[in-house]
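The values are calculated or read from the model by the stated rules, or taken from the named source; none is laboratory data. Predicted model only: the values in this text are computed from it and were never measured. Backbone-built Cβ (ideal geometry, glycine too); neighbour counts: all protein chains shown.
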Amino acid sequence: MSGSDRQSLRRIVRGGATPRILDLWSVQRRYGESLEMAAKPFFRNPRLNASFILKHTVRPHEKPYLYTENPVATKIIIPVSTEDLGMGGHSFFVEEKGFEVRLKAFLGVGVVNKHYESDLARIRELAEIPSFDPFLMADRYIKGERPIARFYFNISPGEQEAMLGNVTRQICGMVRLAFGDDQIQADDERARRFAEQLLDSEDTERLSGLRHVLGMDEEQYEQGIFGWKGILYYRWRLREVKDDLRQFLIELNDAVVRGARPDENKEINEIRKAILAKVRERWTALTDIMDDYDSEYRRFCAGADASALRSFLLKAPGHFGQLGRDLSAVSHVTSYWAYWWQGREKGNLSAADAMEMFPSFLRSLVNKREERSLDGDTPYAANG
C-alpha cells in the first residue's frame, strides 16, 4: 500500500498540529535550529521528523490492504524534498500489511537501531491516538520517558485565526475588568489584541500583568496560560461541531434500513440506540467541563475572585486527555456520517451498509476501558 503521493504537499501544510494533520515539516522549518528541538525532537530520524502524518478516512479500495476495521487509518507522508513540497512524497499507512518492513527499507535502517525502534514505537502510539489536536498531544507527550519540544503543542496559525473572533467575545469580561469600562463590545480592539496575545504561544510575556492579578508565580503562570488556551480551544471546537452533531443525531435516529431480516433489524436498532446514548454521554462530559470553566470565569469577571479561576486553569491540562478523546470520538462519527452520504440519497441505507457502519461507529465511541469490559457476545460489542 506504500507508494508515491505525487500531489503537492503544500495543500496539507498547517503550521503544526490540527485534529486531522500533524505537520512536522512546518515545526522543523520554523524551530529546527533551537536547542529545545535538538534535545526533544518528535522523531530521531530526520526524514520522519519533517514528515506529515494524517488521520485518513479509508476508501473502499484501500480496505483490502489494511488490517484494521476502523474507518480511519493513520498515514505518513515523507516529502521527497523538504525544500520543494511540489515534488510530492512517499506515503505509508501504519495499518497496512507489511508496513514496518517497507518503512525500514525506505529509511535504510539497519537491523539494530535503537532510535528506529523508539521512533517506530511513537508511530504506533500516533496510530492509537484518535486525534492530533495540540492539547491531546500535550497530554500524551509533554512528560513521560521521551517528552517532545513545546513547539509541537502550538495552535496552528489557521486555527488561531479561526478561533480569534470566538475568543475575543469570550474574554470581553476580563478586558472590561482590566480597563474598568462597561462599554467594551465584542469587536473592541483592546479585546482583540488581548485575544491575539493569549493565543500566541510566543507572546505570553506581554500578558504578565495577568499573572499578578491571578496571583501566580512564573511556573504556575506558564501552566495556567497553557491551560486557558486549551480550554478556549476545546470550547471553540465544541461550538464548531455542535450543529453537525445535532444533524447526525436526527438523521441516525430517523434513518430507514432496507432489506434487514427480523434478527438483523433487532441488532441494528440495538446498536443505533447504543450509538445515540454514547454520543450524548460523551457530549455531556465535554459540556460539564466547559460549564465549570464558564462558572469560574464569570465569578472572576464579576468580582475579581482570582482564586477560583486560578485553581481551574492550573487543573485544566489534566482535562485535556479526556476532552480530546471525547471530542475526537464525537467529531469522527459526525464527519464520517456526512462523508458516507456524499453521492447517496439520504435517509435510506441497506442492511449490509448499516451492519458495517454502525458497529464501527460504536467502536469509536466506546472508551477502551469499557471496550475491555463489554461481553463479546453482546451484539454491539466492540470488536476492533
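When you go through Ala316, Ala302, Ala274, Ala329 one by one, which is the residue that is modelled with pLDDT under 90, assigned to a helix (DSSP H, G or I) and among the hydrophobic types (A, V, I, L, M, F, W, C)? Working first, answer last.
Numbers: Ala316 fails: modelled with pLDDT under 90; Ala274 fails: modelled with pLDDT under 90; Ala329 fails: modelled with pLDDT under 90.
Exactly one of Ala316, Ala302, Ala274, Ala329 is modelled with pLDDT under 90, assigned to a helix (DSSP H, G or I) and among the hydrophobic types (A, V, I, L, M, F, W, C), namely Ala302.
Is it fair to say Val58 is modelled with pLDDT under 90 and of a type outside the set (D, E, K, R)?
On the way: modelled with pLDDT under 90: yes; of a type outside the set (D, E, K, R): yes.
Criteria met by Val58.
Just a yes or no: is a residue in the stretch 108-123 more than 30 Å from Trp341 (Cβ to Cβ) and of a type in the set (Phe, Trp, Tyr)?
Checking the stretch 108-123: at least one residue is more than 30 Å from Trp341 (Cβ to Cβ) and of a type in the set (Phe, Trp, Tyr).
In the stretch 260-304, what residues are free of Cβ contacts under 8 Å to residues at least 12 places away in the same chain, over 26 Å from Val241 (Cα atoms) and surrounded by 13 or more Cβ atoms within 10 Å (Cβ to Cβ)?
Answer for the stretch 260-304, where residues must be free of Cβ contacts under 8 Å to residues at least 12 places away in the same chain, over 26 Å from Val241 (Cα atoms) and surrounded by 13 or more Cβ atoms within 10 Å (Cβ to Cβ): just Arg299.
Scan Ile142, Ile184, Ile171, Ile148 and give me the residue that is within 30 Å of Tyr116 (Cα to Cα), modelled with pLDDT under 90 and surrounded by 16 or more Cβ atoms within 10 Å (Cβ to Cβ).
On the way: Ile184 fails: within 30 Å of Tyr116 (Cα to Cα); Ile171 fails: within 30 Å of Tyr116 (Cα to Cα); Ile148 fails: modelled with pLDDT under 90.
Checking each option against the conditions leaves just Ile142.
Which of the residues belonging to the stretch 76-95 are out of contact with any Lys or Arg (no Cβ under 8 Å at 6 or more places or on another chain), of a type outside the set (Val, Ile, Thr) and within 16 Å of Leu126 (Cα to Cα)?
Step one: filter the stretch 76-95 for residues out of contact with any Lys or Arg (no Cβ under 8 Å at 6 or more places or on another chain), giving 76-77, 79-81, 83-84, 87, 89-90, 95.
With of a type outside the set (Val, Ile, Thr) added as a condition, the list becomes 79, 81, 83-84, 87, 89-90, 95.
Hit for the stretch 76-95 is Glu95, nothing else.
Got a sec? Which of Thr287, Thr334 is touching an Asp or Glu at 6+ places or on another chain (Cβ under 7 Å) and of a type in the set (Ser, Thr, Tyr)? If you could, list the steps in order and put the result at the bottom.
Details: Thr287 fails: touching an Asp or Glu at 6+ places or on another chain (Cβ under 7 Å).
Answer to the check: Thr334.
Is it the case, given these coordinates, that Gly89 is assigned by TED's automatic domain parsing to the domain that holds Arg150, surrounded by 20 or more Cβ atoms within 10 Å (Cβ to Cβ), within 19 Å of Pro130 (Cβ to Cβ) and not charged (D, E, K, R)?
Values: assigned by TED's automatic domain parsing to the domain that holds Arg150: yes; surrounded by 20 or more Cβ atoms within 10 Å (Cβ to Cβ): yes; within 19 Å of Pro130 (Cβ to Cβ): no; not charged (D, E, K, R): yes.
Against the criterion (assigned by TED's automatic domain parsing to the domain that holds Arg150, surrounded by 20 or more Cβ atoms within 10 Å (Cβ to Cβ), within 19 Å of Pro130 (Cβ to Cβ) and not charged (D, E, K, R)), Gly89 does not qualify.
Look at the stretch 40-72 and say how many of its residues are crowded, with 19+ Cβ neighbours inside 10 Å and more than 23 Å from Ala121 (Cβ to Cβ).
The qualifying residues number 2.
Do we have Phe132 as assigned to a loop (DSSP other than H, G, I, E, B), within 22 Å of Leu9 (Cβ to Cβ) and out of contact with any Cys (no Cβ under 6 Å at 6 or more places or on another chain) here? Steps first, answer last, please.
On the way: assigned to a loop (DSSP other than H, G, I, E, B): yes; within 22 Å of Leu9 (Cβ to Cβ): yes; out of contact with any Cys (no Cβ under 6 Å at 6 or more places or on another chain): yes.
Against the criterion (assigned to a loop (DSSP other than H, G, I, E, B), within 22 Å of Leu9 (Cβ to Cβ) and out of contact with any Cys (no Cβ under 6 Å at 6 or more places or on another chain)), Phe132 qualifies.
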